[in-house]
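Notes follow once the structure below has been shown.
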Amino acid sequence: MKKEIREKTLQYIPADFDGIILDLRNKLGDICPNAEIIPVGIFERRLDLEDKSVDMAVCLKLHKYKDGEKALSEISRVLKDGGTFIACLKPYDNFRTMLKDKFDVNSYHTSGHYAYFEAQKR
């Protein structure tokens, strides 16, 4: 992934964020020193987290998940109501529809072959 897209995606995270972040496929420790960060690699099953237990989820390679709908459902399950979802991906046809089914999209941008966004869980 281009460094530029990574930086644009991560700029949605406030520097002083101190909640719980679900960190999917990235390392945010240097970016969010005040946050409790739960690192998760590739997940294909249910995450071992309680429902509505996470303030923010960040994923810089969402397109790497084989089942995008399942990934969005699981992220939605663990995010608190109003929680923030920030991600970058190579967009595919039905992704924005799936995203809008579960989240209010505040910002969605494309650059080359990538899209990055910030959304809130309903």
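The values are calculated or read from the model by the stated rules, or taken from the named source; none is laboratory data. Here the structure is a predicted model, which is why all the values come from computation and not from measurement. Using ideal geometry, Cβ is built from the backbone for each residue, glycine included, and neighbour counts are taken over all protein chains shown. Remember, those area values only see protein heavy atoms, side chains included, never the ligands or the DNA or RNA. Shrake-Rupley method; radii C 1.70, N 1.55, O 1.52, S 1.80 Å.
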Query raised in the report: Do you know which residues across segment 84-106 are surrounded by 15 or more Cβ atoms within 10 Å (Cβ to Cβ) and under 27 Å from GLU36 (Cβ atoms)?
Result: THR84, PHE85, ILE86, ALA87, CYS88, LEU89, LEU99, LYS102, PHE103
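Given LYS61, LYS100, which one is farther than 16 Å from GLU118 by Cβ, at pLDDT below 90 and not β-branched (Val, Ile, Thr)? Even if it seems obvious, please write down each step before you answer.
Working: LYS100 fails: farther than 16 Å from GLU118 by Cβ.
Matching residue, one of LYS61, LYS100: LYS61.
Would you confirm, using the coordinates I've provided, whether TYR114 is of a type in the set (Phe, Trp, Tyr), modelled with pLDDT under 85 and either surrounded by 14 or more Cβ atoms within 10 Å (Cβ to Cβ) or out of contact with any Ser or Thr (no Cβ under 9 Å at 6 or more places or on another chain) (or both)?
On the way: of a type in the set (Phe, Trp, Tyr): yes; modelled with pLDDT under 85: no; either surrounded by 14 or more Cβ atoms within 10 Å (Cβ to Cβ) or out of contact with any Ser or Thr (no Cβ under 9 Å at 6 or more places or on another chain) (or both): yes.
Judged against the criteria, TYR114 is not a match.
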Report task. Select the strands (runs of 3 or more DSSP E) contained entirely in segment 11-71, then report the ones holding at least 1 residues which are open to solvent by 90 Å² or more (accessible area, probe 1.4 Å), closer than 21 Å to ASP81 by Cα and in contact with a strand residue (DSSP E or B) (Cβ under 9 Å, 6 or more places away or on another chain). Result -> 36-40
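Checking the structure you have, find out if any residue of segment 45-59 is among the polar types (S, T, N, Q) and touching a Leu at 6+ places or on another chain (Cβ under 9 Å).
Step one: list which residues in segment 45-59 are among the polar types (S, T, N, Q), which gives 53.
With touching a Leu at 6+ places or on another chain (Cβ under 9 Å) added as a condition, the list becomes 53.
Yes.
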Report task. Scan (1) of a type outside the set (Ser, Thr, Tyr); (2) modelled with pLDDT of 90 or more; (3) open to solvent by 70 Å² or more (accessible area, probe 1.4 Å) for the single condition GLU7 breaks and write down its number. Result -> (2)
Report task. Assess whether ASP93 counts as being at pLDDT below 95 and of a type in the set (D, E, K, R). Result -> yes
Report summary line: Across (1) within 16 Å of ILE20 (Cα to Cα); (2) touching a residue at least 40 places away in the same chain (Cβ under 8 Å); (3) surrounded by 13 or more Cβ atoms within 10 Å (Cβ to Cβ); (4) not β-branched (Val, Ile, Thr), ASP81 clears everything bar (3)
